[in-house]
Amino acid sequence: MKKNIFLFFLLGLVSCVGLEQYPTNSYSDANFWNYEENCMAALYLGYNQCWNADQYFGNNILSDDVYGSRHTQNSTDVATGLATTNGGRFSSEWNACYQELRTIHTALDNQHRMNLPEDVKNRLVAEMRLMRAFTYIRLTTWFGDVPFLTTNPTLPESKIIARTSADKIKSFIHSELEEVSHILPKNTDLPASENGRFTRGTAVALNARAYLLENDFENCAKECAKLMDGNEYGTYALADSYAELFQSGHYGPESIMTIEFAYEGGVDNIKRSWDTGPRIPQSIGHGGIVAFSPTQELVDCFRKIDGSPADDADYEGRDLRFYATIAYNGCEIQIPEAKACKIIGSEGVGKGVYTCWTNPVDEKKAQERDPALNDSYNGSQDRTQTGYYNIKNYSASTIGSGGGSYKPLMEIRYADVLLMYAESMFETGNMTEDVWNRTMKLIRHRAGFGDAWCAYPGGDDLRQTIRDERRCELALEGRRCFDLRRWAVMDTPAIKATGASYLVSRATGAPFLDNGTNIQCPASYNIKYWFPVPQGERDKNSNLTQNPGW
């Protein structure tokens with residue numbers, strides 16, 4: 001039985017959207033904060049709104065790691081340059097952030113009323129402050145200058161507030177994260193019942209990420225070093241197995257920040273889940289919807305174990321991370337028994353493992369034995385558009401009959417800290433063999449590479465080497481879109497100033513077309529650097545200016 005923070009919800013609170021809208025029937029009783037369970041419920045609501053699986057998975061669509069489908073049209077339109085300032089992806093990001101800020105500020109504005117032991121209250125307030133910093137990182141990364149609040153505005157105030165300089169907000173973010181990193185507990189001090197709550201390490205790693213997004217490599221390296229040297233901010237290490245890390249390693253030594261889900265007693269009683277159907281092969285998913293498909297370009301980044309490049313459809317002897325990330329033609333996948341799938345597995349119908357055929361020629365032959373198979377590329381947007389599916393974070397034993405999984409998702413993990421440190425040390429001119437051995441060598445060794453490929457390469461291509469390693473290690477974890485943005489700015493500064501597209505290319509898939517050529521995705525990427533301020537927000541508040549390029 002799992003007991004963690006997300007078994008508690010404040011169901012009576014009313015959701016809100018937009019900067020100017022807020023619930024009028026929530027937190028209205030001054031006595032509300034006299035009760036510890038109410039204070040904690042407000043905290044858990046903040047966690048619930050802070051980050052979710054849709055954002056974790058959906059941000060992949062804004063990169064060249066995957067290609068989206070009609071089922072994720074709002075994000076796919078952003079990726080292909082078809083979105084307007086009324087686009088749903090832009091308004092959903094804006095609204096979710098300001099909804100979260102209102103929840104946070106409602107609690108912080110009433111902290112003096114909280115009838116809690118001082119240590120409990122201090123921790124709760126620190127967690128809320130970290131959530132606020134995280135939310136402002138989202139806002140400034142996508143929108144740049146945004147309305148900046150540290151308390152809830154009145155309704156009239158919300159209709160005239162102007163945008164604050166992103167630089168000012170970023171200074172606030174770094175200051176907040178630094179302060180709470182000395183208040184929160186270490187990861188080693190958390191009881192199992194508090195798995196998922198923020199720690200000192202969360203604050204430090206998030207601060208490192210914030211500096212990385214600014215290409216402030218000097219400060220990013222300093223924050224990473226706090227987690228690599230000593231245990232003042234917690235104790236972290238790489239997990240032994242990359243594959244197991246995404247099965248049951250979400251509370252292990254590598255985990256720093258998770259998105260939480262919950263159950264009691266097993267898959268028959270899931271309290272909060274994420275929908276696996278659109279994010280896994282269709283024979284074990286919904287059988288009629290796919291959110292995104294990994295590209296051939298991502299697949300090609302996973303090299304052979306000796307370090308050599310692999311041919312497009314050569315899936316043998318690859319980087320071990322490939323097998324934990326990509327569902328490819330001929331791979332074997334565990335069937336989620338609770339879903340009662342119709343496909344034939346190694347232990348009978350709906351049991352054991354089955355072979356996933358994404359090449360239509362191979363699947364047609366396999367359907368002679370098992371007509372329920374339906375994973376192959378068929379040119380539609382209801383199946384893979386590239387010949388590949390996501391398999392990272394898929395854990396059959398955590399999936400209920402409706403397709404929801406209670407497996408937590410790791411938003412920040414220690415491998416990312418090592419990669420941030422390696423990149424920062426290179427960009428500041430401080431990369432050495434010792435730095436390489438403490439970071440890249442460890443990551444490559446876990447991926448199954450031999451000593452030669454793990455050794456320090458040096459040379460002029462080291463920047464691209466680090467970037468490619470980051471792509472493989474963090475593939476389909478939602479980080480690539482942010483990396484592409486900051487690298488484009490570093491390499492082509494005008495992109496940020498003009499709002500020009502930072503990714504313009506055409507994605508391809510596996511070589512499964514009738515003539516043996518690679519699948520071509522329907523439209524080219526054409527992703528603009530900035531999100532626009534949603535037009536609906538500007539219609540309500542004429543003081544909100546628009547971003548370059550819109």
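The values are calculated or read from the model by the stated rules, or taken from the named source; none is laboratory data. Please read these numbers as outputs of a predicted model, since none were measured by experiment. Here the Cβ is made from the backbone with ideal geometry for all residues, glycine too, and neighbour counts use every protein chain on show. Ligands, DNA and RNA are excluded from the accessible area calculation, which covers all protein heavy atoms including side chains. Shrake-Rupley method; radii C 1.70, N 1.55, O 1.52, S 1.80 Å.
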Practice item. Sort out for me the helices (runs of 4 or more DSSP H) sitting completely within the range 111-203 that have 3 or more residues that are open to solvent by less than 50 Å² (accessible area, probe 1.4 Å). Key: 118-143, 166-180
Exercise for review: Output the number of the condition that Glu477 fails; it satisfies all remaining conditions of (1) of a type in the set (Asp, Glu); (2) crowded, with 16+ Cβ neighbours inside 10 Å; (3) at pLDDT below 95.
Suggested key: (3)
Check your understanding: Which residues, taken from the range 399-410, are touching a strand residue (DSSP E or B) at 6+ places or on another chain (Cβ under 7 Å) and open to solvent by less than 10 Å² (accessible area, probe 1.4 Å)?
Key -> Ile399, Gly400, Gly403, Ser405, Pro408, Leu409, Met410
Point to revise | Positions within the range 491-541 being open to solvent by 70 Å² or more (accessible area, probe 1.4 Å), free of Cβ contacts under 8 Å to residues at least 40 places away in the same chain and outside any helix (DSSP H, G or I), in sequence order | key: Pro493, Val504, Arg506, Asp514, Asn515, Gln520
**Study point:** Contacts under 9 angstrom Cβ, first residue in the range 19-47 being under 28 Å from Arg163 (Cα atoms) and modelled with pLDDT of 90 or more, partner open to solvent by 30 Å² or more (accessible area, probe 1.4 Å) and in a helix (DSSP H, G or I), 6 or more apart
**Key:** Ala42/Phe32
Check your understanding: Could you say which residue among Trp51, Trp94 is at pLDDT below 95, farther than 20 Å from Ile289 by Cβ, surrounded by 17 or more Cβ atoms within 10 Å (Cβ to Cβ) and within 18 Å of the chain's Cα centre (by Cα)?
Key -> Trp51
Practice item. Inspect all residues belonging to the range 319-338 and state whether any of them is at negative phi, among the acidic types (Asp, Glu) and open to solvent by less than 10 Å² (accessible area, probe 1.4 Å). Key: yes
Practice item. Filter the range 240-252 for residues that are touching a residue at least 40 places away in the same chain (Cβ under 8 Å) and surrounded by 18 or more Cβ atoms within 10 Å (Cβ to Cβ) and give the result. Key: Tyr242, Leu245, Phe246, His250
Review point. Regarding Gly458, is this residue touching a Leu at 6+ places or on another chain (Cβ under 6 Å), farther than 25 Å from Pro548 by Cβ and outside any helix (DSSP H, G or I)?
Key: no
Exercise for review: Return the pairs, sorted by first residue and then second, in which the second residue is open to solvent by 10 Å² or more (accessible area, probe 1.4 Å) and not in a helix (DSSP H, G or I), the first residue lies in the range 423-448 and is more than 21 Å from Ser308 (Cβ to Cβ) and of a type in the set (A, V, I, L, M, F, W, C), the beta carbons are less than 6 Å apart, and the residues are 6+ apart or on different chains.
Suggested key: Met425/Met431; Leu442/Leu238
Check your understanding: Does Gly81 satisfy the condition of being at pLDDT 95 or above, open to solvent by less than 40 Å² (accessible area, probe 1.4 Å) and in contact with an Asp or Glu (Cβ under 9 Å, 6 or more places away or on another chain)?
Key -> no
Review point. What number of residues within the range 97-110 satisfy the criterion of being more than 20 Å from Glu537 (Cβ to Cβ) and open to solvent by 10 Å² or more (accessible area, probe 1.4 Å)?
Key: 4
Review point. Restricting to strands (runs of 3 or more DSSP E) lying wholly in the range 255-372: which have 3 or more residues that are within 27 Å of the chain's Cα centre (by Cα), free of Cβ contacts under 8 Å to residues at least 24 places away in the same chain and within 26 Å of Ala415 (Cβ to Cβ)?
Key: none
**Study point:** Long-range neighbours under 7 Å by Cβ, at least six apart or interchain, first residue touching a residue at least 40 places away in the same chain (Cβ under 8 Å) within the range 188-214, second among the aromatic types (Phe, Trp, Tyr)
**Key:** Asn195/Tyr251; Gly196/Phe6; Gly201/Tyr233; Gly201/Tyr236; Leu206/Phe134; Leu213/Phe482
Study note, to complete from the structure: For the range 261-305 the number of residues that are touching a helix residue (DSSP H, G or I) at 6+ places or on another chain (Cβ under 8 Å), of a type in the set (Ser, Thr, Tyr) and open to solvent by less than 10 Å² (accessible area, probe 1.4 Å) is 0
